[in-house]
Amino acid sequence: MEINLVIIIGIAALAIGAVVMNVINQSLLKKKAEQVLTEAKSKGEMIVKDRSLEAKEKFLAMKAEHEKEVMQRNQQLGNAENKIKQKEQTLNQKIEQNQRKDQELDQLRQTLNKQLEIVQSKKEEADKALQSQVKQLEKIAGLSAEEAKKQMVEALTEEARTEAMSKVKELVDEARLTAGKEAKKVILNTIQRTAAEHAIENSVSVFNIDNDEMKGRIIGREGRNIRALEAATGVEIIVDDTPEAIILSCFDPIRREIARLSLHRLVQDGRIHPARIEEVVAKTRKQLEEEVVEIGERTCIDLGIHGLHPELIRMVGRMRYRSSYGQNLLQHSREVANLCATMAAELGFNVKLAKRAGLLHDIGKVPDDDPETPHALLGMKLAEKYKEHPDVVNAIGAHHDEIEMNALISPIIQACDAISGARPGARREDSENYMKRLKDLENMALSYNGVEKAYAIQAGRELRVIVESEKVTDQQADVLSVDLSQRIQTEMTYPGQIKITVIREKRAVNYAK
């Protein structure tokens, strides 16, 4: 019982102690809150004072800047007013000066009018005196003034005409003599300053081999290799008793060169059979096209001709394998270009245009697709197509008088072309006619549908025509050979007889993948 009482008393004491502590804590919290409020109020008042001071300082600074700007603007306005006043004074002075000048001009005008009146009166008096004198002279001479004037004018005119005609005749005669001498001098200097080699190109090339055993390999079993080579290149291959040599015969230098290079590759490789021959000929033809472009570029660089169209450069390269009356076309064109440059320099013309026209003057001989158009007009069309200078175009078209000469360099091109062709040993007419006949033979065969290739061989005594097996049957091949023979008989002139061989080959090709 006593223990319980003690416990109860203890609990009561604890409760009373907790209440007392709570009361004490609340009183302490109130005091702290009051202290915090007072401190916050004091700090707020300080901050407000600081902010107000800063605002006043900023206001004073802005006010000072504004006053400064106002003073500057007032100063500028004052300066502007001073300038305006000065200009007004200057204008007033000029106005006064102009007024004085106007007054002086009025005085001068009045003086001049008085003088003009005096002059007019004197002129009237002089006219009256002149008329009276003329009347007296007319009475004495028995002629009127108009008739005398007319007679004098006619006499002077006739005398002047006679003197002018005699002077003109003297000048023309002197000009003819001088022009003839000068022209001869220019041409002789041009010819002497331009050296050129001359070699008539033929239609035969000789391919050298190391030993005669290689001839049998080139011929092949039953002649299959040589037939394949002739069919692929269109060149007649002559294997005879000539030691260590095979003769390649064809009027087209490009075909002859392809055959020569292909034979060289085949002999070096050692594998000679129809499939290999066709492969090597195709590669050689592609390589020769690249070489043609390289020759054209090298020619333009050597002559100092720039900006030529790539297609024209390729045609210049193909000139290496063309001939004009037996004269190599590229060599002839280079010679004409150098002659034109020299002659243009002597005459004071444009040297670059003259050299360019000289190189391109026979460019129309390169294409084979338009044989009916004269080569000068065809070359002119090509030059127009590839945006050449109008003077160059006119010189190309007029160098054989197909069109009128409008450019100053056109007569130069014509003269230099004649000089190059007229050099001793430069040309041979027979070879040109021979090649033209062979080319006409091939073109006649190519005009038929289904004809893939046509080669004139055996110096034009045989025409080999290769047709496409898909388009031409065996019966049509027979008809084609008959038609061709009849057309050749009626349309062409040739010695002896021409053998027409139509070849139709069927190939079945597949690939195993």
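Could you work out how far apart the two model spin labels at LYS41 and LYS385 are, taking each label as a point 7 Å from the Cα in the direction of the beta carbon, and quote it in nm?
Result: 10.9 nm between the two label points.
Given +1 on the Cβ of Lys and Arg, -1 on the Cβ of Asp and Glu, and no further charges, what dipole in debye does segment 210-336 carry about its Cα centre, rounded to the nearest 20? List each step's numbers first, then the result.
On the way: 20 positive and 22 negative charges, 69 e Å.
Using only the charged Cβ atoms, the result is roughly 340 debye.
Give me the 1.4 Å probe accessible area per residue for segment 3-102, excluding ligands and nucleic acids, in Å².
Numbers: 9620 Å² over 100 residues.
Per-residue value: 96 Å².
How much FRET efficiency would the formula 1/(1 + (r/R0)^6) give for LEU446 and LYS352, where r is the Cβ-Cβ distance and R0 is 51 Å, rounded to 0.05?
On the way: r = 40 Å, r/R0 = 0.78.
Between LEU446 and LYS352 the formula returns 0.80.
Ranked highest first by average number of other Cβ atoms within 10 Å, how do 251-257, 103-109 line up?
Details: 251-257: 20.7, 103-109: 10.0.
Put in order of decreasing packing, that is 251-257, 103-109.
Kindly write out, for segment 298-315 in residue order, the coupling ³J(HN,Hα) from the Karplus curve 6.51 cos²θ - 1.76 cosθ + 1.60 (θ = phi - 60°), rounded to whole Hz, with x marking Gly and Pro.
Values, residue by residue: 5, 5, 5, 5, 4, 8, x, 9, 10, x, 7, 4, x, 5, 5, 4, 5, 5 Hz.
Which whole-angstrom value gives the distance between the alpha carbon centres of segment 469-513 and segment 80-122?
107
In Å², what does the accessible area per residue of segment 441-513 work out to with a 1.4 Å probe?
Details: 4850 Å² over 73 residues.
Heavy-atom SASA per residue in segment 441-513 reads 66 Å².
In whole Hz and in residue order, list the ³J(HN,Hα) couplings for segment 502-509 that follow from phi through the Karplus curve 6.51 cos²θ - 1.76 cosθ + 1.60, θ = phi - 60°; x for Gly and Pro.
9, 10, 10, 10, 9, 10, 10, 10
Ranking request for peptides 111-123, 377-389: highest mean number of other beta-carbon atoms within 10 Å first, then the rest in descending order.
Values: 111-123: 10.0, 377-389: 18.8.
So the order, starting with the most tightly packed, is 377-389, 111-123.
Would you mind checking which residues have amide H under 5 Å from VAL502's amide H? H placed 1.01 Å from N; only 5 or more apart, or other chain.
VAL465
Quickly rank 466-474, 75-83 as a protection proxy: mean count of other C-beta atoms within 10 Å, highest first.
On the way: 466-474: 14.9, 75-83: 10.0.
So the order, starting with the most tightly packed, is 466-474, 75-83.
Please list, in order along segment 248-262, the HN-Hα scalar couplings obtained from phi with the Karplus expression 6.51 cos²θ - 1.76 cosθ + 1.60 (θ = phi - 60°), rounded to whole Hz, x for Gly and Pro.
Those phi angles translate into 10, 10, 6, 6, 8, x, 5, 4, 5, 5, 4, 5, 5, 5, 5 Hz.
Would you grab the residues whose amide H sits under 5 Å from the one on ARG322? Only those 5+ places off in sequence or on another chain, please, with H modelled 1.01 Å from N.
Residues meeting the amide H criterion: LEU329, LEU330.
The values are calculated or read from the model by the stated rules, or taken from the named source; none is laboratory data. On a predicted model such as this, the values are computed, not experimentally measured, just so you know. Virtual Cβ from ideal backbone geometry, glycine too; neighbours counted across all protein chains shown. Each accessible area value is taken on the protein alone, full model and side chains, heavy atoms only, with ligands, DNA and RNA left out. Shrake-Rupley method; radii C 1.70, N 1.55, O 1.52, S 1.80 Å.
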